[in-house]
1. Quick one: P(r) of the range 39-118 from all Cα-Cα pairs, 10 Å bins, percents rounded to integers, in order of increasing distance.
2. Check which residues have an amide H placed less than 5 Å from residue 137's amide H, if you skip close sequence neighbours.
3. Kindly report the accessible area of the range 43-152 per residue (heavy atoms of protein chains, probe 1.4 Å, no ligands, DNA or RNA), in Å².
4. Considering only protein heavy atoms, with the full assembly of protein chains and a 1.4 angstrom probe, order 169, 40 by accessible area, largest first.
5. Please compute the volume of the convex hull spanned by the alpha-carbon atoms of the range 80-172 and report it per residue in Å³.
6. To the nearest 20 debye, what is the magnitude of the charge dipole of the chain about its Cα centre, counting +1 on the Cβ of each Lys and Arg and -1 on the Cβ of each Asp and Glu?
7. Find, to one decimal place in angstroms, the Kirkwood hydrodynamic radius of the chain, where the mean of 1/r is taken over every pair of different Cα atoms and then inverted.
8. Treating only the Cβ atoms of Lys and Arg (+1) and Asp and Glu (-1) as charged, compute the dipole magnitude of the range 43-122 about its Cα centre; round to the nearest 20 debye.
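The values are calculated or read from the model by the stated rules, or taken from the named source; none is laboratory data. All figures in this text were calculated on a predicted structure; none of them were measured in a lab. Positions of Cβ are backbone-derived with ideal geometry, glycine not excepted, and every protein chain shown enters the neighbour counts. All accessible areas refer to the heavy atoms of the entire protein, side chains included, with ligands and DNA or RNA removed. Shrake-Rupley method; radii C 1.70, N 1.55, O 1.52, S 1.80 Å.
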Amino acid sequence: MKLLALAGALRKGSLNRQLLSLAVKLLEGAGAEIDPIDFRALAIPIYDGDVETSTGLPPGALELAQRVTAAEGLVIASPEYNFGVPALLKNAIDWLSRAKPMPLRGKSALLLSASPSLVGGNRGLWALRPSLEVLGVHVYPDMFSLATAHQSFTPEGELKDEALGKFLRRVIDGFVRVTRAIQTTEKK
Ligand SMILES: Cc1cc2nc3c(=O)[nH]c(=O)nc-3n(C[C@H](O)[C@H](O)[C@H](O)COP(=O)(O)O)c2cc1C
């Protein structure tokens, strides 16, 4: 099972990128193959209908669409910006939604967030869900939001709180199981 790993933040010290790294390790342990997406390298411009009309999807968006097509699902770790979805991620989804055939339809997604706040960026995930679901993505019902994330990682990148680490493992194992079942059905 191949999964794309996407972070909604670019910065090196990103808490969401740390959480994504931990999730990737657990997903690989559960048998998934990961295709890590580097949004800086893709350099996807802001959606512009005139660009789409004149030249179609820009190269970065086209490459992302091809890599989504080749995968069974996505794992996304994203901060919430002002209770919403960071433009980086929303813009990528907007371009993907214009690709034909639309590559997100029928894929599975696991949503994660991290924030220094006590809510852990969870409101941003609730804002992200509808944009994915309207495009036909099977968004896993359980989401994982890491509160006070700036104090939550060990130097090895694990979660300091053992119970929380166990919960993350349970969410990931459930997601892998459900994704296998959904993708078997999607391919029939
Ligand atoms: C533009 C902007 C908006 C933000 N809005 C929120 C917010 O609504 N809720 C929240 O918990 N944190 C908010 N934050 C703080 C981020 O959660 C915090 O900077 C976090 O570390 C960003 O994720 P990263 O560490 O992966 O870069 C905001 C940060 C920025 C830069």
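1. The calculated distribution, bin by bin, is 17, 47, 29, 7, 0.
2. Correct list: 106.
3. On a per-residue basis, the range 43-152 sits at 45 Å².
4. 40, 169
5. Cα convex hull per residue, to the nearest whole number: 107 Å³.
6. Approximately 280 debye in magnitude.
7. Taking the inverse mean of 1/r over all distinct Cα pairs, the chain comes out at 16.7 Å.
8. Taking the Cα centre of the range 43-122 as origin, the dipole is about 240 debye.
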